[in-house]
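Visitor: This is the structure I have questions about; it appears just below.
What follows draws every value from the coordinates through simple rules; no lab data is involved. Since the structure is predicted, the reported quantities are computational estimates derived from the model, not experimental observations. Please note: Cβ atoms are built from the backbone with ideal geometry, for glycine as well, and neighbour counts cover all protein chains shown.
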Amino acid sequence: MSEFPTAMPEDVADEQLVAYLDGELDAAEVEQVEQRLASDEHFRRRLLQLQRSWDMLDDLPRAEASESFTQSTVSVVALQAVEPANIWQRYRTKIVATAAAAGTLLAAALGYIAVYSWYDAPNQKLLRDLPVIENVELYLAVSSIEFLRELDEQHLFSDPDEAEELSGER
């Protein structure tokens, strides 16, 4: 039985052969590839195909980059290196502006609530005292508070709703 699997995936074999041609394998891997080359005809043919492709690439003319291309490429790389800092700066500015706007709205809302409660306090007192204010002439006609308390205990002048409740209690 052979040391090498007979059904090695094509891309794995190609990777191994490319690494062999480029001289990227260590001594043990080189020995393994050479043993397989000696025993596997298909593997040998694939190596020859890849070797011819490498040789054809060497025959192609080399393209030289112009000075402007080199300069623009370096500029783009430099901008990309600086860009993350600029992005953070933009987000930081937006965050600060949003926080300032939220703080202003919160301060305005708290100010409105404070002024509304302070400004409306006298009106609330008047509303609370409205029944007394409406009947002030009647209260002035009474000679003493004791008389009013006696009337209150007899429930003679209660609201109709209160009178029903009181009659239901007795």
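Visitor: Between A100 and D152, what is the label-to-label distance in nm when each label sits 7 Å out along the Cα-to-Cβ direction?
Guide: 5.9
Visitor: Positive end of the charge dipole of region 44-150 (Lys, Arg +1 and Asp, Glu -1 on Cβ, about the Cα centre): tell me which of V96, L106, L48 has its Cα farthest that way.
Guide: Of the listed residues, the answer is L48.
Visitor: Neighbour counts of other C-beta atoms within 10 Å: give me S68, S39 arranged from fewest to most.
Guide: Least crowded to most crowded, the residues run S68, S39.
Visitor: What FRET efficiency, computed as 1/(1 + (r/R0)^6) with R0 = 35 Å and r the Cβ-Cβ distance, is obtained for I145 and Q124, rounded to the nearest 0.05?
Guide: Working from the Cβ atoms, E equals 0.85.
Visitor: If you don't mind, another one. Full-extension gain between Q89 and S53, please, as 0.36 nm times their residue separation minus the C-alpha to C-alpha distance.
Guide: Answer, rounded to one decimal: 8.0 nm.
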